[in-house]
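The values are calculated or read from the model by the stated rules, or taken from the named source; none is laboratory data. None of the values given here were measured: they were computed from a predicted structure. Here the Cβ positions follow ideal geometry from the backbone for every residue, glycine too, while neighbour counts run over all protein chains shown.
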Amino acid sequence: MGLIGGIIELFFGGGRNVLRETAAVFRENADSAAQRDADARAQAMVQFGAEFAVQRQGRFDRFIDGLNRLPRPALALGTLGLFVSAMVDPIWFAARMQGIALVPEPLWWLLGVIVSFYFGARHQMKSQEFQRSLAETAARTPQVVANIAAIREFRHDTPGAADPGPDVRLAAETAHPEDNAALEHWRGLRQT
């Protein structure tokens, strides 16, 4: 018993675990790695929060925020303005388009890259929303088809739409349409 106790004391005695310490040399401790990762993310969130928590109330900040909102409406209104100018003064419009024809191709590529980066993220977000709405609509299709079929059963020309079911009294009343009190009253008013 002394030998086994001595071996266990060698490996695990004094608050140590030689096996764990040896394994830590060759493999990262998953718990410690997860804790470091969580701490790094928490610090990043604190940094982002501090960055966006600053209240910018100066004129320059408001001016820059306004400039950031201008490109989309400016491009849309500018394009509509080109259509209007083509109708109002075709010669002026043709002269401007001849000037655009002289723009070198690398500049067009640069403009395409800038516009793609500016609008690309918004386009991707909107296309993902569109795909999601298509999936939701497709998921509702069987219910809509069932609803339409149920509605069509209520049409007046559908066979059995006025079926009284197991009610014998109602079936007898529907067999004799001349027993309609309102219709009889109306006929009586017409005859006088």
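Tabulated values for the structure
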{"read-out": "Pairs, first free of Cβ contacts under 8 Å to residues at least 60 places away in the same chain and under 22 Å from Leu75 (Cβ atoms) in segment 116-137, second in a helix (DSSP H, G or I) and among the small types (Gly, Ala, Ser), C-beta under 9 Å, six or more apart", "value": "His123/Ser116"}
{"read-out": "Among (1) modelled with pLDDT of 75 or more; (2) surrounded by 10 or more Cβ atoms within 10 Å (Cβ to Cβ) - the single one Thr158 does not satisfy", "value": "(1)"}
{"read-out": "Contacts under 9 angstrom Cβ, first residue in segment 88-101 being touching a residue at least 24 places away in the same chain (Cβ under 8 Å), partner in a helix (DSSP H, G or I), 6 or more apart", "value": "none"}
{"read-out": "Any hit, segment 51-73, residues being out of contact with any strand residue (DSSP E or B) (no Cβ under 9 Å at 6 or more places or on another chain), surrounded by 10 or more Cβ atoms within 10 Å (Cβ to Cβ) and among the small types (Gly, Ala, Ser)", "value": "no"}
{"read-out": "When residues of segment 61-94 are limited to those that are closer than 23 Å to Phe119 by Cα and of a type in the set (Val, Ile, Thr), the one modelled with the highest pLDDT", "value": "Thr79"}
{"read-out": "Long-range neighbours under 7 Å by Cβ, at least six apart or interchain, first residue on the phi < 0 side of the Ramachandran plot within segment 171-192, second modelled with pLDDT of 85 or more and assigned to a loop (DSSP other than H, G, I, E, B)", "value": "none"}
